[in-house]
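Just below is one structure, and these are the notes that go with it.
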Amino acid sequence: MRVLLLPVLALGLAACQPAAEAPAAPEAPAAPETPATPVPPASDVAAPAGDAAAHAGLMVHEPWTRPLAPGATVAAGYGLLMNHTTAPERLVAARAEGVGRIEIHTIESVDGVMQMRELEGGLELPVDGSARLAPGGKHLMFFDVTRSWAEGERIPVTLVFESGTEQVVEFAVLAQAPAGTPDAGHGGHGHHGH
Ligand SMILES: [Cu+2]
């Protein structure tokens, strides 16, 4: 997955980086001992849970997925991603225990037929911007899920951002979309091949 993403990522950077800013060195294969991941100031880390903490750094509001019947291996993940850092970010990958691989998908109409495909360059998160993952739109796609997910469970998913920041988010398993989700009545992903 990571290997596949890198060339795509490089293209995305070249296309989207503002001309005024020098692109960050795209190499940095993260030597295990070097703390390459930006660490927020201690004051931010110590912030109590609640609205203040919820609106710091990179966050996902109401991450959720649907129950997965026994034998089913494909699921989708939704939520509202927000970037409250001072630098543009991109969600470039994700992984979770018990999930073979996770892709970032978008849906578009091709000749009147809705089709989903991998979102090239990942999911863009401008400074103070957000990106919504929702039924009928962009979503995380979980492949090769090895067990069923029951309503009420929480599925920890590690989100990997372009800067190297990784964040574990617990996706709630919900039979009904949370209130406020666009197109909440839209069905699942049964048509997805693979
Ligand atoms: Cu998909």
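The values are calculated or read from the model by the stated rules, or taken from the named source; none is laboratory data. Quick caveat: nothing in here was measured; it's all calculated off a predicted structure. In this analysis, Cβ positions are derived from the backbone assuming ideal geometry, glycine residues included, and neighbour counts consider all displayed protein chains.
With respect to Ser130, determine if the residue is polar (S, T, N, Q) and within 12 Å of the chain's Cα centre (by Cα). Taking the combined requirement at face value, the residue satisfies it.
Arg101 meets each of the listed conditions (1) within 16 Å of the ligand (Cβ to nearest atom); (2) within 26 Å of Gln176 (Cβ to Cβ) apart from (2).
Among the residues of region 134-149, those identified as away from the ligand (no atom under 13 Å from the Cβ) and of a type outside the set (Val, Ile, Thr) are Asp144, Arg147, Ser148, Trp149. Can you tell me which residue is modelled with the lowest pLDDT among those in region 164-194 that are among the acidic types (Asp, Glu) and in contact with a Pro (Cβ under 6 Å, 6 or more places away or on another chain)? Looking at the filtered set, the residue picked out is Asp183.
Of all residue pairs spaced 6 or more apart or on separate chains, none has beta-carbon atoms under 7 Å together with a first member in region 106-134 that is outside any loop (DSSP other than H, G, I, E, B) and a second member that is modelled with pLDDT of 95 or more and loosely packed, with under 11 Cβ neighbours inside 10 Å.
With respect to (1) assigned to a strand (DSSP E or B); (2) more than 15 Å from the ligand (Cβ to nearest atom); (3) out of contact with any Phe, Trp or Tyr (no Cβ under 9 Å at 6 or more places or on another chain), the lone exception for Leu58 is condition (3).
Which one of Gly98, Gly77 is at pLDDT 95 or above, crowded, with 19+ Cβ neighbours inside 10 Å and not aromatic (Phe, Trp, Tyr)? Gly77 is the lone residue from the list that is at pLDDT 95 or above, crowded, with 19+ Cβ neighbours inside 10 Å and not aromatic (Phe, Trp, Tyr). With respect to the conditions (1) in contact with a Leu (Cβ under 9 Å, 6 or more places away or on another chain); (2) within 16 Å of the ligand (Cβ to nearest atom); (3) over 20 Å from Ala179 (Cα atoms), Ser109 falls short on a single one, namely (1). Residues of region 114-133 that are closer than 13 Å to Pro182 by Cα and within 12 Å of the ligand (Cβ to nearest atom): Leu133 alone.
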